[in-house]
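Visitor: A single structure is presented below for examination.
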Amino acid sequence: MMIQSLDFKSLLFMSALLAFSFSVLLLATRARIATLHGLMHWVGANLFIGSAVLIFISETLSLATRALCGGLSIVIGLSLYFIALSNFEEYRQGRKLIKKPLIVVFMINVLLAIFLKNQYHLIIFNTAICVVLSAMSAILLLKSHQRSQRSIEQIITGISFATFASFTAYRLYILTLDKINPIHYLTQWPYNEITFLICMLTLLIINFAFIAMVNVKIAAELTHAAGHDWLTGIMNRRRFEESFAVSQASSVRYGYTQSMLLLDLDNFKDINDQYGHLFGDKVIKTFAHLVKEAVREVDILGRYGGEEFCIVMPDTNEADALILAERIRSQYETTSVWLGSKRISCTVSIGVCDSSKIGNDFKSLFEAADQSLYAAKKAGKNAVVAHSNLLLS
């Protein structure tokens, strides 16, 4: 059952060109957004897969050469797909997992092709490796290792890799039916061209789906960048106030108290003037990291000004908020920021209030926290002041 009317080799040649075209598109994307990981490995994978297709359909090369070079190319290509996905998904063990086995695969190929001259076992071995590699990529995308939900683009890519693995495994089964002349048996198999073409089309779908994954990630990063501070990675003022509005609505609906902490680094202008703005940035980043580690997941943290930070704690009264404020103050007091070999200690002043007596709206809470912060500065800095204490005085 041949599909000669579609010109099988021409279709494969076009699929190789499409793979190269996808590489150009990804290179252009990588040139503009350097923070995306795995794109260069994916480009390399497409180049190897495309080269493998061209090798397979070349009539000028001997069968032995096509079996070795084509088989190795597609194995390397699928390995690079897995590494690319590992980097893209931030699965750090992916590259280590495949690096040494890939060297072993290369050595076995050389042994079978050059020293043993056993084409049958060479083709069987490489086909089996292709099944394993594509299955690994499918598992990586479809399992949940960091995020509980997979995007539709990841699911489509994962299913496509699983489809490729299934058809390749079926072709492997057909190869094992005739150990004397497996290549002749495979080429005379009525569905040889169809299954091979389906595998190539599946790889094209994989590329389409991966490009969609890249676009989703770019959109997510742009959304994150619009609402987060570039230096510290925490919410900027606009996103913080938007998040507060959501917390406020919940507070009003369920009738719980929420607290606000306003934090300001002490003598920050002097630090900038004495040590420079780059060191000032380091001080802010150090403090932001400390606070991120200290707050709960439900708390809202934002950089409200240059050296001013704000925390909203849902379902928390002032007494409990004071515990967090004091922990942050004491930890930061003992945290050293290094300028070369010079150890520099910094401090922070914090104002604390809750909504039980002053209201749930942002303006009232912020003014109360600001008054408390002013009192902490006036008291000598490196202090925590509660708004309830100001009401008593």
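Visitor: Inspect all residues belonging to the stretch 264-287 and state whether any of them is within 21 Å of V385 (Cα to Cα) and of a type in the set (G, A, S).
Guide: Taking every residue of the stretch 264-287 in turn, none turns out to be within 21 Å of V385 (Cα to Cα) and of a type in the set (G, A, S).
Visitor: Turning to a different aspect of this structure: Looking at the stretch 190-236 only, could you name the residues that are buried (at least 16 other Cβ atoms within 10 Å of the Cβ) and of a type in the set (D, E, K, R)?
Guide: E193, K217, D229
Visitor: Turning to a different aspect of this structure: Scan the stretch 315-350 for residues that are open to solvent by 80 Å² or more (accessible area, probe 1.4 Å) and free of Cβ contacts under 8 Å to residues at least 40 places away in the same chain and jot them down.
Guide: Selection gives I323, R327, T334, W338, S341, K342, R343.
Visitor: From the list L26, L80, L54, L72, pick out the single residue that is open to solvent by less than 40 Å² (accessible area, probe 1.4 Å), farther than 24 Å from M213 by Cβ, modelled with pLDDT of 85 or more and not aromatic (F, W, Y).
Guide: L72
Visitor: Exactly one condition in (1) at pLDDT below 80; (2) hydrophobic (A, V, I, L, M, F, W, C); (3) more than 16 Å from I206 (Cβ to Cβ) is not met by A16; state its number.
Guide: Unmet condition: (3).
Visitor: Inside the stretch 237-281, can you point out the residues that are open to solvent by less than 50 Å² (accessible area, probe 1.4 Å) and polar (S, T, N, Q)?
Guide: Residues satisfying the conditions are S243, S247, S250, S251, T257, Q258, S259, N272.
The values are calculated or read from the model by the stated rules, or taken from the named source; none is laboratory data. None of the values given here were measured: they were computed from a predicted structure. Cβ atoms come from the backbone with ideal geometry, glycine included; neighbour counts cover every protein chain shown. Quick note on the areas: whole protein, heavy atoms, side chains included, nothing else; ligands and nucleic acids left out. Shrake-Rupley method; radii C 1.70, N 1.55, O 1.52, S 1.80 Å.
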